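K.L.:
Just passing along the structure, written as structure tokens.
The values are calculated or read from the model by the stated rules, or taken from the named source; none is laboratory data. Not measured: the values here are computed from a predicted model. Cβ: placed from backbone, ideal geometry, glycine included. Neighbour counts: every protein chain shown. Side chains are part of the model used for accessible areas, which takes the heavy atoms of the whole protein and leaves out ligands, DNA and RNA. Shrake-Rupley method; radii C 1.70, N 1.55, O 1.52, S 1.80 Å.
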Amino acid sequence: MQSAHPSAPVLTIDGPSGAGKGTVARAVAEALGWHLLDSGALYRAVGHAAGIAGIDVSDGGAAARCAAATRIEFRAAGDAGELRVIVDGNDATDAIRTETAGAAASAIAAIPAVRDALLELQRGFRRPPGLVADGRDMGTVVFADAPFKVFLTASAQERADRRYKQLKAKGLAVNLASLLREIQARDERDAAREVAPLRPAPEAIIVDTTGIPVETVVARVLAVVRGA
């Protein structure tokens, strides 16, 4: 486990699935020259590992043990430095981006013991010169002391449309209406869970990305850090 540096600045970018957190976080981290934490990938990786092991994600104890035992690494690959997610030694980048993995991640994220198992791992990413942390409870729980906090949101329809285009581009057979229902169901689960529910930190800057170009959103987020 990496050692955290509490003095290193952190920008948290929270929000629901499909709001653009990942795309914006990567662009902002690159612009600032900061480290990047994709916390959603950690939960998806555990959900993926649980599926391979045949673990019922409704079994909190088994899911927590899986979270504690799963080895998760982020590796940059290719000329563009694409972030690959390695789970127990195997590249699971594509596998953890499926809707099935997303649903499993949402289910296990509601289990306190799983969140505890991943908490220190996430905090270990806090290193100089700074960290951009993308997730659902980065600003409210994991890095509650972060000096910069943003909450991205967008309409459920917009988020379903984005996900539909992403999956179609990968050659996958998807149904837009089904995606919309899954996103709405996940929103309800994430907002209603007892532990670290999805909600903006009181001091977070809320940015609605519906119909807004990515470049514009990135500029707004960078302005939060740069004080513009």
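K.L.:
Ordering D116, D38 by accessible area with a probe of 1.4 Å, largest first, what comes out?
P.N.:
D116, D38
K.L.:
Using a Gaussian network model of the chain whose springs link C-alpha atoms within less than 10 Å, name the residue from R163, R65, R199 with the highest mean-square fluctuation.
P.N.:
R65
K.L.:
Now for a separate question. Could you point to the label whose value was computed as Kirkwood radius over Cα pairs in Å for the structure here, given [x] 18.9; [y] 17.8; [z] 18.3?
P.N.:
Only one listed value fits the structure, namely [y].
K.L.:
Could you rank the peptides 168-180, 150-162 by their average count of other C-beta atoms within 10 Å per residue, with the highest value first?
P.N.:
Final packing ranking: 150-162, 168-180.
K.L.:
Heavy-atom accessible area per residue, the chain, 1.4 Å probe: how many Å²? Intermediate values should be presented prior to the final figure.
P.N.:
Working: 10740 Å² over 228 residues.
Counting only protein heavy atoms, the per-residue value for the chain is 47 Å².
K.L.:
If R0 is 30 Å, what FRET efficiency do you get for Q166 and D88 from their C-beta distance, rounded to 0.05?
P.N.:
Rounded to the nearest 0.05, the efficiency is 0.70.
K.L.:
Let me ask something additional. Add -39500 (n - 2.57) for each DSSP H run of 4 or more in the chain, then divide by its residues: what number comes out at 222 nm, to the nearest 500 deg cm²/dmol?
P.N.:
On the way: 8 runs with 104 residues, N = 228.
Helix-only estimate at 222 nm: -14500 deg cm²/dmol.
K.L.:
Please report the spacing between the Cα centers of the range 104-152 and the range 24-73 in Å, no decimals.
P.N.:
Cα centres, the range 104-152 to the range 24-73: 11 Å.
K.L.:
Related question: Taking 8 Å as the Cα distance limit and 6 or more residues as the minimum spacing, I'd like the relative contact order of the chain as a percentage.
P.N.:
On the way: 380 pairs, mean separation 75.2, N = 228.
It comes to 33 percent, rounded to a whole number.
K.L.:
Can you list the lysines whose alpha carbon sits under 29 Å from that of K149, skipping same-chain ones fewer than 8 residues off?
P.N.:
Hits, sequence-local ones excluded: K21, K165.
K.L.:
Note the direction-averaged projected area, equal to a quarter of the hull surface, for the Cα convex hull of the range 153-228, in nm². Provide the component values of the computation, followed by the final result.
P.N.:
Details: hull surface 26.2 nm².
Orientation-averaged projected area of the Cα hull: 6.5 nm².
K.L.:
Report the FRET efficiency, 1/(1 + (r/R0)^6), for E194 and V214, where r is their Cβ-Cβ distance and R0 is 41 Å, rounded to 0.05.
P.N.:
0.75
K.L.:
Still on this structure: So who's got an amide H within less than 5 Å of the one on K149, skipping anything under 5 residues away but keeping other chains? H placed 1.01 Å off N, in plane.
P.N.:
T12, I205
K.L.:
On the full set of protein chains, 1.4 Å probe, figure out the accessible area of K165 and give it in Å² to the nearest 10.
P.N.:
140 Å²
K.L.:
Determine the principal axes of the Cα atoms in the range 11-115, then give the extent along each, sorted from largest to smallest and rounded to whole angstroms.
P.N.:
For the range 11-115, the Cα spread along each principal axis is 41, 28, 22 Å.
K.L.:
Work out the length of the dipole vector of the range 73-228 about its Cα centre, built from +1 on the beta-carbon of each Lys and Arg and -1 on the beta-carbon of each Asp and Glu, and round it to the nearest 20 debye.
P.N.:
220 debye
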